[in-house]
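The values are calculated or read from the model by the stated rules, or taken from the named source; none is laboratory data. Quick caveat: nothing in here was measured; it's all calculated off a predicted structure. Here the Cβ positions follow ideal geometry from the backbone for every residue, glycine too, while neighbour counts run over all protein chains shown.
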Amino acid sequence: MNSSPFRRFISTAEPPELGPGPRANIQPLSALNRQLDAALEEAGFTGTGGELIRATVLLWHDHHDAAHVIAQAIETQDGSYVHAILHRREPDYGNAKYWFRRVGQHPCFGELGVRASALLKESENSTLGEKLLPRGQWDSFAFVDACEAAAGRAASDVQSRLLREIQRVEFEVLLEHLAPLLLPVSDADRLEERLDALRAAEELFNGNRHVARIARRVNLVPQPASGLFIIETSP
């Protein structure tokens, strides 16, 4: 996946806590919404996809209520994913699992599993790795369980820090998934569409010329009133 153009909104000194926060150095809701309004408008991002980008960024900055209003109104796989993360951080672990069941196998899970695996190998925490990546596949329910098990631990706890880093990667991968779906059509794409239209027109023109040649050979004469053809025969 490519880096999201909205990555700058989640480039903060500290990633979100596993719980609700709020933590220091997050942006105020009103200021953040103004910046998002400008960024989404500039990029031409509209519709539910743009709102899910907003909800993801708001959730990163611990604005849970505002993010929840958006996520609960978008009943898609992506909307359910944002909703599930929100309840995991709330924390309401049972509700988070309900929304992860609605998510199913999300397209983000493959890339998330790859990046989480790299973090786990670097930390040499094979026990957690076996739980989160059974058979090498990301398990969102196991991550909910791991976050619940870490609840109440000190911020300096090694495993809690690792889980926060995995959650950071989850946000990054989700934004990378959401933003490309909404990228405006590029000039190159527009040019390719025009070329396709020209090719189609050329094929149609050549086909009509072929029909005209056949018509001349068998003396088909178009009838202006009816649009039909008759065959002229010699007396």
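If the condition is being more than 19 Å from the chain's Cα centre (by Cα), more than 15 Å from ARG168 (Cβ to Cβ) and not polar (S, T, N, Q), then region 97-138 contributes LYS97, TYR98, LYS121, GLU124, LEU128, GLY129, GLU130, LYS131, LEU133, PRO134, ARG135, GLY136.
The set of residues from region 30-80 being under 27 Å from ARG164 (Cα atoms) and among the charged types (D, E, K, R) comprises GLU51, ARG54, ASP62, ASP65, GLU75, ASP78.
Can ALA73 be described as part of a helix (DSSP H, G or I), farther than 26 Å from ALA149 by Cα and small (Gly, Ala, Ser)? No; evaluated as a whole, the condition is false for this residue. One residue is enough: does region 87-107 have a residue meeting the conditions surrounded by 15 or more Cβ atoms within 10 Å (Cβ to Cβ), in contact (Cβ under 8 Å) with a residue 60 or more places away in the chain, over 20 Å from PRO180 (Cα atoms) and touching a Pro at 6+ places or on another chain (Cβ under 9 Å)? Yes, that holds for at least one residue. Checking ALA31, ALA84, ALA43, ALA13 one by one, the residue that is out of contact with any Phe, Trp or Tyr (no Cβ under 7 Å at 6 or more places or on another chain), at pLDDT 95 or above and among the aliphatic types (A, V, I, L, M) is ALA31 and no other.
So is VAL185 part of a loop (DSSP other than H, G, I, E, B) and either modelled with pLDDT of 95 or more or on the phi < 0 side of the Ramachandran plot (or both) or not? Here the answer is yes, as VAL185 does meet what is asked. Mind checking whether some residue in region 101-108 is at pLDDT 95 or above, assigned to a helix (DSSP H, G or I) and within 20 Å of GLY19 (Cα to Cα)? Checking region 101-108: not a single residue is at pLDDT 95 or above, assigned to a helix (DSSP H, G or I) and within 20 Å of GLY19 (Cα to Cα). The condition of being touching a helix residue (DSSP H, G or I) at 6+ places or on another chain (Cβ under 6 Å) and of a type in the set (A, V, I, L, M) holds for LEU52.
For residues in region 20-40 being touching an Asp or Glu at 6+ places or on another chain (Cβ under 8 Å) and among the small types (Gly, Ala, Ser), which is surrounded by the most Cβ atoms within 10 Å (Cβ to Cβ)? Give the derivation first.
Taking region 20-40 as the starting set, the residues that turn out to be touching an Asp or Glu at 6+ places or on another chain (Cβ under 8 Å) are 20-26.
Still in the running and among the small types (Gly, Ala, Ser): 21, 24.
Values: GLY21: 15, ALA24: 8.
My answer is GLY21.
With respect to SER156, is the statement that it is without any contact (Cβ under 8 Å) to a residue 40 or more places away in the chain and assigned to a loop (DSSP other than H, G, I, E, B) true? Spelling it out, SER156 is indeed without any contact (Cβ under 8 Å) to a residue 40 or more places away in the chain and assigned to a loop (DSSP other than H, G, I, E, B). Taking region 27-62 as the range and being closer than 20 Å to VAL173 by Cα and either outside any helix (DSSP H, G or I) or outside the structural domain of ARG168 (by TED's automatic domain parsing) (or both) as the test, the residues that pass are PHE45, HIS61, ASP62. Just one of (1) among the charged types (D, E, K, R); (2) touching a Lys or Arg at 6+ places or on another chain (Cβ under 9 Å); (3) outside any helix (DSSP H, G or I) fails for ARG88. It is (3).
What number of residues within region 143-154 are over 19 Å from HIS83 (Cβ atoms), in contact with a helix residue (DSSP H, G or I) (Cβ under 8 Å, 6 or more places away or on another chain) and of a type in the set (A, V, I, L, M, F, W, C)? Result for region 143-154: 3.
Table: residues versus (1) aliphatic (A, V, I, L, M); (2) under 30 Å from LEU40 (Cβ atoms); (3) touching a Gly at 6+ places or on another chain (Cβ under 9 Å).
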position: ILE70; (1), (2), (3): yes, yes, yes
position: ALA73; (1), (2), (3): yes, yes, yes
position: LYS97; (1), (2), (3): no, no, no
position: GLY104; (1), (2), (3): no, yes, no
position: ALA116; (1), (2), (3): yes, yes, yes
position: SER123; (1), (2), (3): no, no, yes
position: TRP138; (1), (2), (3): no, yes, yes
position: GLU148; (1), (2), (3): no, no, no
position: ALA154; (1), (2), (3): yes, no, no
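Every listed requirement among (1) β-branched (Val, Ile, Thr); (2) under 17 Å from GLU172 (Cβ atoms); (3) surrounded by 19 or more Cβ atoms within 10 Å (Cβ to Cβ) is met by ILE70 save one, (2).
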